[in-house]
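Taken together, the values in this text are just the output of simple stated rules run on the coordinates, not laboratory data. Fair warning: this is a prediction, and the values are worked out from it, not measured in the lab. As a convention, Cβ positions derive from the backbone with ideal geometry for all residues, glycine included, and neighbour counts pool all protein chains shown.
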Amino acid sequence: MSIDLKKLCNTIITPTKRVSVLVPTRARPEMMFDALKSCWKNESGKGGVEYLMAIDEDDQLSQDYFEKTIIPYMDKHSVDYEVHVVPKWGYTRLNEYLNYLAQRASGDWFLFFNDDARMITKDWDSIIHRHTGEFKIFRCKDNHEHPYAIFPIIPHEYFVLTGSISPQQMTDAWVSQIAYLCDIMENEFDLEIWHDRHDITGNDATNDEVYKARVQLEGDPTNPMDLNSPEMNATRYTTCAKIMWYLKQKGKYNDHFEKVINGKGKAWDKLEANDPHGLTMRVDPKKKYKPGQSTSKEEKARNENK
């Protein structure tokens, strides 16, 4: 759990890699190996890509497989990697795995990847790298049909400015909502990742205990750690304010968030424009919710029809 402070400070000042791939994994070592190989075989070969992986300290299955199979492979093929054994924070603290890895990453860009994901696009690292210097969140093409960036690509400056990838479990939702509020989401990004999650593809191999044990902190705003709690809403807005301050210093300012906070614009118009199926959650900040009360559009419609 230690950190090299010299390296940390130097990479905050000057990143040394093009892309850092951040991958938490649990009890899926063979699946994890396939996920990594999909990235390696589609790399451009120009170097500058590092892989940082986090494994729970009680996950002996993954630790053994990494030691016997994945690490020897990476060494043989000169993969730039770090494997970290960390406390079992669990799915409700998924963001902490990513924040831990990001704090140790050296890339101009951070890519959040999964053990059940597969990289599809050739030369994906070069596609990302050519945008270095831009302050945007890139939304990859995927098989979700969801307006969020399920596998967000995040600039180094975002992590330095905000201090984390996400303060809340639902990292893709958090980063995406920030991006839409600040109007920095790039939806037309030419990079595709396949997500082989059971409820999307029907793959029984991913219908395992890891999948079944998922608990999402969304839908109960009375929980301070819920995505839409007043506490998280305050953090979301102050995070946006920091980003807009930064963009103003860089001469890249837009007034979308300023209109939102001053009541002159809609908060989620950019998000809704990319959500034709109504898949995202909504919260009315003026309403008091009971524990467990749903905030989904579907539930709201049912209640209005009673």
Could you work out the helix-only [θ] at 222 nm for the chain, with each DSSP H run of four or more residues adding -39,500 (n - 2.57) and the total divided by the number of residues, to the nearest 500 deg cm²/dmol?
-> -10000 deg cm²/dmol
Give the long-range amide H neighbours of Tyr81: residues separated by 5 or more places, or on another chain, with amide H under 5 Å away, using H modelled in the peptide plane at 1.01 Å from N.
-> Tyr51
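Lys and Arg at +1, Asp and Glu at -1: add these up for the other residues within a Cβ distance under 11 Å of Tyr65 and post the number.
-2
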Local charge sum around Tyr51 (other residues, Cβ-Cβ under 13 Å, Lys/Arg +1, Asp/Glu -1)?
-> -3
How many percent of DSSP beta bridges within the chain run antiparallel, rounded to 5?
-> 25
Against the longest alpha carbon principal axis of the chain, how many degrees, from 0 to 90 and to the nearest 10, is the axis of helix 29-41 turned?
-> 90
Modelled label-to-label distance, Glu272 and Arg214, 7 Å Cα→beta-carbon offset: nm?
-> 2.7
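With a ≥ b ≥ c the root eigenvalues of the C-alpha gyration tensor of region 56-97, is it rounded (a/c under 1.5), prolate (a/b larger than b/c) or oblate?
oblate
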The helix 230-249 Cα axis meets the longest alpha-carbon principal axis of the chain at an angle in degrees, between 0 and 90 and rounded to 10, of 70
Would you indicate which of [x] 24.9; [y] 20.3; [z] 19.6 is the value of Kirkwood radius over Cα pairs in Å derived from the coordinates of this structure?
-> [y]
Using r as the Cβ-Cβ distance of Lys7 and Ala241, and R0 as 41 Å, what FRET efficiency do you calculate, to the nearest 0.05?
-> 0.85
Between beta-carbons, use under 15 Å as the cut-off and find the net charge around Phe33, counting Lys and Arg +1, Asp and Glu -1.
-> -2
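Sorted by average packing, counted as other Cβ atoms within 10 angstrom per residue and highest first, what order do 34-42, 249-257 take?
Result, highest mean first: 34-42, 249-257.
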Cα axis of helix 94-103 to longest principal axis of the chain: angle in degrees, 0 to 90, nearest 10?
-> 60
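Return an integer: the convex hull volume of the alpha-carbon atoms of region 163-275, in Å³ per residue.
144
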Relative to the present Cα-Cα distance, how much length would full extension add between Asn187 and Val86 at 0.36 nm per residue of separation?
-> 33.0 nm
Correct semi-axes for region 1-139, from √(5λ) of the alpha-carbon gyration tensor and rounded to whole Å with the largest first, are 23, 19, 14
Where the centre of each part is set by its Cα atoms, how far does region 103-154 sit from region 23-52, in angstrom?
-> 13
Listed peptides 73-83, 2-12, 110-120, 48-58 by packing density, highest first (mean Cβ within 10 Å) | 110-120, 48-58, 73-83, 2-12
One checks the Cα atoms of region 132-195 and finds Rg and Dmax, in Å, of 11.2, 31
Modelled label-to-label distance, Ala205 and Lys37, 7 Å Cα→beta-carbon offset: nm?
-> 1.0
Looking at region 156-251, which GluC sites (Glu not before Pro) are in a loop (DSSP not H, G, I, E or B) and have at most 10 other Cβ atoms within 10 Å?
-> Glu188
Among Leu101, Leu227, Leu61, which one moves the most in a GNM of the chain with springs linking Cα atoms closer than 10 Å?
-> Leu61
Under a straight-distance cross-link criterion of Cα-Cα below 13 Å, which aspartates and glutamates are reachable from Lys46, leaving out those fewer than 8 residues away in the same chain?
-> Asp80, Asp123, Asp125
